[in-house]
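The values are calculated or read from the model by the stated rules, or taken from the named source; none is laboratory data. Values in this document were obtained by computation on a predicted structure and should not be read as measured data. Counting neighbours? That spans all protein chains shown, and the Cβs are built from the backbone with ideal geometry, glycine included. Surface accessibility is based on the protein's heavy atoms, side chains included, excluding ligands, DNA and RNA. Shrake-Rupley method; radii C 1.70, N 1.55, O 1.52, S 1.80 Å.
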Amino acid sequence: MKTYFHFHISCLLVSAGSVMISCQSKTYNKETNTDVKQLTMKEEFPNHKIAFEKINDQVFLYNPEGNKLFTIDLKKALYTVYFPDLTYSLNLFKINDFLYFLPKKAEENYTFAMGNVGTGIGTFSRENGINDLGLVNNEKREYPDENGKVKVNNVIYYYNKFAQLLKTEENGEIIIENKYDENAYIIESNTTKYHTKFQYNTEGQVTQEEIKNDADGSKSILNYHYNSLKQIEKKYNNDQTSVKEYQYDSNNKLVGIIEYTGTIDKYNPNKIINHFVKKIYTYNKEQIVEEKHYEYNIFDASILVNDKWEPITIEEQKKLAWQKLRDPSTNPLFYIERNYSYQSDEINVIVNKFSFSNTLKNGKNETDKKLTNSETITYTLDTLGRVVKKETINKDQYKEREIQSFSY
């Protein structure tokens, strides 16, 4: 049971695409690539922008251009991120795409398969060592194998003086290694499977992300496009079969993401399956109160012209799929809505999942929207505002109930 982390939240400034990374020399520097054991209360990047600062119980981390990446409330152990792409780290516990928490210990009981001998029950636990800035230094994960024996994973994190992740080791094996230039801009990130490099324009914005896959030797390139406010608007590969679009409101808040993947049908090389994931966020002041998640599969290898079905090219199929996505009458595969409410002693989440189908009624096609699953999630808070319990109740016929406990 090996866990591979893609990026840590404190080094995700590039992946977020929300920031303007100025990397002129693209050369490595000892200072930015040397780990430190003790981080100070405040640090500045070589270009004199603030790297991080700790004010009472609040920690603010920035990228080299001075843009805030996330805020850590040490008293409540809550982590606010300002862009969902900052959330690839598995060392935080997720409440929503913008809010996380990190306890010192987490425990949960699971029922798991034991091969041909039925099922067993075991406890999954995790202990976190956390530094003065709220960043995790190490993790100890214990979990039962299929024979019920306890296995242990130990993960260690290394940071430079700017609180940027340099390296992650799991059971002595390096699983992430990041490299920075003399101004602390990340220019390379390597995992056990992927090697990623970044290119920049003269304004200091990422223009390309090159990813090599060691498993199959493939290479992919993502291009970046920004709006007039220097916010990331689009990431895409050269043939536009991998696209991610970002939408903002008048207050520059991220309110929508569309992620597209086009895959050639393995049974028909002239047909492409267009898969879309669309998220829409609604805020009340600074907090997310609603998240809508849609998924679509749209494919048409031909169109009806003059009462005849005529084949269309792959490019035409992709273009038609985007048009259909923006057509309100196009039904998703499924739709998930999450509603959040916040109180002093708990955070409540209601999750409803719907499916869609077309039926013929009175000679007309009508869409049926059916609730297929519903669950409630309750995060119980202590008097300091820390999450001490997560209770999930699935409202299907089995009324499944899961409880996680957290301590600090």
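Please list, in order, the residues from the stretch 286-313 whose amide nitrogen is less than 20 Å from a point placed 7 Å along the Cα→Cβ vector of L333.
It comes to 292-302, nothing else.
With springs only between Cα atoms under 10 Å, which of N178, N252, N96 fluctuates most in a Gaussian network model of the chain?
Fluctuation is largest for N252.
Within 10 Å, at most 15 other Cβ atoms, and a DSSP state outside H, G, I, E, B define an exposed site. Report the longest part of the chain free of exposed GluC sites (Glu not before Pro).
The segment 1-145 is the longest one with no such site.
Residues of the chain: accessible area per residue at 1.4 Å, in Å²?
52 Å²
Any idea what the relative contact order of the chain is, in percent, if you count C-alpha pairs under 8 Å spaced at least 6 apart?
11 percent
Add +1 for every Lys or Arg and -1 for every Asp or Glu among the other residues with Cβ under 14 Å from the Cβ of T71, and state the total.
0
At 7 Å along the Cα-to-beta-carbon direction for both N147 and L371, put a label point, then send me their distance in nm to one decimal.
Going by the 7 Å Cα→Cβ label model, 4.7 nm.
Over 31 Å between C-alpha atoms is what I'm after, so list which of K149/K212; K54/K253; K49/K235; K149/K193; K235/K361 land there.
Pairs exceeding 31 Å: K149/K212; K235/K361.
How many nm is it between the label spots at I50 and T123, if each spot is 7 Å from the Cα in line with the beta carbon?
Taking the simple label geometry, I50 and T123 are separated by 4.2 nm.
Please compute the modelled spin-label separation between E346 and E107, points set 7 Å along Cα→Cβ, answer in nm with one decimal.
2.2 nm
What is the percent carbon and sulfur in the accessible area of the chain, measuring with a 1.4 Å probe over the protein chains and ignoring ligands?
Of the solvent-accessible surface of the chain, carbon and sulfur hold 47 percent.
What FRET efficiency would be calculated for the residue pair Y408, K324, taking the C-beta separation as r and a Förster radius of 45 Å, to the nearest 0.05?
Taking R0 as 45 Å, the efficiency between Y408 and K324 is 0.40.
Find how much the distance from K37 to Q199 grows on full extension, using 0.36 nm per residue of separation minus their present alpha carbon separation; answer in nm with one decimal.
Stretched fully, the K37-Q199 segment lengthens by 55.3 nm.
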